[in-house]
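Heads up, the thing below is written out as structure tokens.
The values are calculated or read from the model by the stated rules, or taken from the named source; none is laboratory data. Given the structure is predicted, the values throughout are model-derived calculations rather than measurements. Cβ placement follows ideal geometry from the backbone for every residue including glycine, while neighbour counts extend to all protein chains displayed. Side chains included, ligands, DNA and RNA excluded: accessible areas come from the protein's heavy atoms. Shrake-Rupley method; radii C 1.70, N 1.55, O 1.52, S 1.80 Å.
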Amino acid sequence: MNSKETCRSELRIALRQLSNRCLYSASKWAGEQLVGIEQDPAKFTPTNTRFQRGSSSIRRRFRTNDITSTPVTGMSYVSTPVLEEDDVIDGDCYLLAKSYFDCREYKRAAHVLRDQNAKKSVFLRCYALYLAGEKRKEEEMIELEGPLGKSDAVNRELVSLERELSTLRKNGTIDPFGLYLYGLVLKNRGNQDLAQTVLVESVNSYPWNWNAWTELQSLCTTIEMLNSLNLSNHWMKDFFLASAYQELRMHNESLARYEYLQGTFCFSNYIQAQIAKAQYCLREFDQVEVIFEELLRNDPYRVEDMDMYSNVLYAKECFSALSYLAHRVFMTDKYRPESCCIIGNYYSLKGQHEKSVMYFRRALKLDKKYLSAWTLMGHEYVEMKNTPAAVDAYRRAVDINPCDYRAWYGLGQAYEMMGMPFYALHYFKKSVFLQPSDSRLWIAMAQCYETDQLHLLEDAIKCYRRAANCNDKEAIALHQLAKLHCELGRPEEAAFYYKKDLDRMEAEEREGPNMVEALLFLAQHCRTHKRLEEAEVYCTRLLDYTGPEKEMAKNMLRGMRSESSFPSMDVEHFAT
């Protein structure tokens, strides 16, 4: 990677250029990475280090490989010339237009710049028109269908913007920011291929605009599309690839990229949050919890990504921690979609599903395309047995992101509740295709195959085997494999899986009906195959229980005592 000073110098310039063009989310991202670069120890000051305390402990804890001084790709980076501005000092009209833009008066900003021909002015005018069209589209959607309704409203500025930006590109008078906006317009117009080409041109000529990389990533739905991009080997490409790998569910590859980037950006909260996201997808909840606790210590008013943290706390049933987090984000910014989602999770964990739905709906009023809220609201409707509403919520989620396996899984659950296993199986197959490492999805498919309508037990066995190989933390697959093999008249296979399940229960120190069932089957199986000493061990363990299995074990021991070469045993001793 380029030297830290080079990255720092480039980001400082880019931050000013992005802010000056009102690309505020991109400038915020650049600023976070700028502060995330480790300072020269000779220049340490309280100001320089106040954002960097503690982050290195996360890096030390979760880094799996030493960071090398060469890129992951094994190639050297190219240097990208810093963009030259049209004017050193912005003109009066541009300053006024920017003021209007900052006040969200987009049409006024565009009007002020109507006669300005400088590239920066042309971009801000077109960007203002684009946002004015988006604002009007949202207003029309609410007027026609309500805040959560579906609507065919469109951005009426897209056609004229596409025409103008296309002409500028053909004439060679468009800058990288104009290319970014042109790509955004083409994407919204449905011209995906040309949008991808234009966005590649934008990031190759100006790689520091994270917004452009994000739009390009959304167009790369397969690894083949990602590999086909002709990208310059700038250090920003590593951020892009790490994020793209994550979206393509290549979590280990994504983690490797982020660990490499930590060699330079070792205090970046963004990188830490992305590592937590990858660990979350790998279901390493303990590691995710540690990372988010550290992030909140370093950035106590952070709301971004905290909804994922709430999902972890929900899954681990950490009532007090989730309550504290919900109170914290409520006091920080209660009208952020993430805040509403966290509070919704809190009420869901308390079993107050109606109140939970209220907060998820509030999150969606703030951001209609907030994927997690649609999916989680669907889960709540399932809990409330309102399957039509659940199906609608899940369908809205997959409309936003067809690669969201949780929404497909939710649809499968909803149709399973309605007694429609063929439909349920269809959606479970979609979810398991997207997330083949999740044992819960394989178990759901297997249970569909087991239903009376399908009764495809061999297919169910295949699914349970996949679940058992995917770290089945709920410990369902082994027990079901044993039962299915028993039902199909395969005692050897059944005994194999009962024994594996028994070993696992002993290792995890779990008791319950599954252990009784395993002990009883193994005792009978061993007796049938004349392995009387093993059978005695299992029967003796069953004598510790108080149900009918105790009497069955005593009867087996009496029967084995009467058989030749089996030592006598005082079974009646256990009768009390």
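Summary table
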{"read-out": "Residue pairs meeting the criteria (Cβ under 8 Å; at least 6 apart or on separate chains; first open to solvent by 80 Å² or more (accessible area, probe 1.4 Å), in the range 506-524; second part of a loop (DSSP other than H, G, I, E, B) and hydrophobic (A, V, I, L, M, F, W, C))", "value": "E508/A475"}
{"read-out": "Extreme residue, most open to solvent (accessible area, probe 1.4 Å), among residues of the range 554-564 that are of a type in the set (D, E, K, R) and in a helix (DSSP H, G or I)", "value": "R561"}
{"read-out": "E487 vs. criteria more than 21 Å from L557 (Cα to Cα) and at pLDDT 85 or above", "value": "yes"}
{"read-out": "Candidate set from the range 280-290 (those that are in a helix (DSSP H, G or I) and surrounded by fewer than 22 Cβ atoms within 10 Å (Cβ to Cβ)); member that is nearest to the chain's Cα centre (by Cα)", "value": "C281"}
{"read-out": "Near pairs, Cβ below 6 angstrom, 6+ apart or cross-chain, from the range 383-400 (of a type in the set (D, E)) to any residue that is open to solvent by less than 80 Å² (accessible area, probe 1.4 Å)", "value": "E383/H353"}
{"read-out": "Residue that is surrounded by the most Cβ atoms within 10 Å (Cβ to Cβ), among those in the range 408-448 that are in contact with a Leu (Cβ under 6 Å, 6 or more places away or on another chain) and more than 24 Å from S372 (Cβ to Cβ)", "value": "C448"}
{"read-out": "When residues of the range 364-396 are limited to those that are closer than 21 Å to L325 by Cβ, among the aliphatic types (A, V, I, L, M) and open to solvent by 20 Å² or more (accessible area, probe 1.4 Å), the one farthest from the chain's Cα centre (by Cα)", "value": "L366"}
{"read-out": "Members of the range 250-274 that are open to solvent by less than 10 Å² (accessible area, probe 1.4 Å) and either in contact with a strand residue (DSSP E or B) (Cβ under 9 Å, 6 or more places away or on another chain) or part of a helix (DSSP H, G or I) (or both)", "value": "S254, Y258, L261, I271, Q272, A273"}
{"read-out": "Of all residues making up the range 208-226, the number that are in contact (Cβ under 8 Å) with a residue 60 or more places away in the chain and open to solvent by 30 Å² or more (accessible area, probe 1.4 Å)", "value": "1"}
{"read-out": "Any hit, the range 370-393, residues being within 30 Å of R490 (Cβ to Cβ) and assigned to a loop (DSSP other than H, G, I, E, B)", "value": "no"}
{"read-out": "Search result, residues across the range 291-330 that are polar (S, T, N, Q) and open to solvent by less than 60 Å² (accessible area, probe 1.4 Å)", "value": "N298, S310, N311, S323"}
{"read-out": "Complete set of residues in the range 156-205 that are farther than 30 Å from E139 by Cβ, in a helix (DSSP H, G or I) and of a type in the set (V, I, T)", "value": "T197, V200, V203"}
{"read-out": "Count of the range 266-308 residues which are of a type in the set (D, E, K, R), touching a residue at least 12 places away in the same chain (Cβ under 8 Å) and under 22 Å from G344 (Cβ atoms)", "value": "7"}
{"read-out": "Count - residues of the range 343-363 that are assigned to a helix (DSSP H, G or I), open to solvent by 10 Å² or more (accessible area, probe 1.4 Å) and not aliphatic (A, V, I, L, M)", "value": "8"}
{"read-out": "Selection from the range 482-491 of residues that are out of contact with any helix residue (DSSP H, G or I) (no Cβ under 8 Å at 6 or more places or on another chain) and either surrounded by 18 or more Cβ atoms within 10 Å (Cβ to Cβ) or not basic (K, R) (or both)", "value": "G489"}
{"read-out": "Among residues of the range 457-480, those that are in a loop (DSSP other than H, G, I, E, B) and open to solvent by less than 70 Å² (accessible area, probe 1.4 Å), counted", "value": "4"}
{"read-out": "Test: residue in the range 227-240 that is open to solvent by 10 Å² or more (accessible area, probe 1.4 Å) and free of Cβ contacts under 8 Å to residues at least 12 places away in the same chain", "value": "yes"}
{"read-out": "Qualifying positions in the range 141-158 - at pLDDT below 80 and either open to solvent by 40 Å² or more (accessible area, probe 1.4 Å) or of a type in the set (V, I, T) (or both)", "value": "I142, E143, L144, E145, P147, K150, D152"}
{"read-out": "Extreme residue, nearest to S339 (Cα to Cα), among residues of the range 354-382 that are among the charged types (D, E, K, R) and touching a residue at least 12 places away in the same chain (Cβ under 8 Å)", "value": "R362"}
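For (1) in contact with a Ser or Thr (Cβ under 7 Å, 6 or more places away or on another chain); (2) surrounded by fewer than 17 Cβ atoms within 10 Å (Cβ to Cβ); (3) closer than 29 Å to S243 by Cβ, each residue gets a yes or a no:
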| residue | (1), (2), (3) |
| --- | --- |
| E139 | no, yes, no |
| S160 | no, yes, no |
| S166 | no, yes, yes |
| V185 | no, no, yes |
| Q192 | no, yes, yes |
| Q196 | no, no, yes |
| Y206 | no, no, yes |
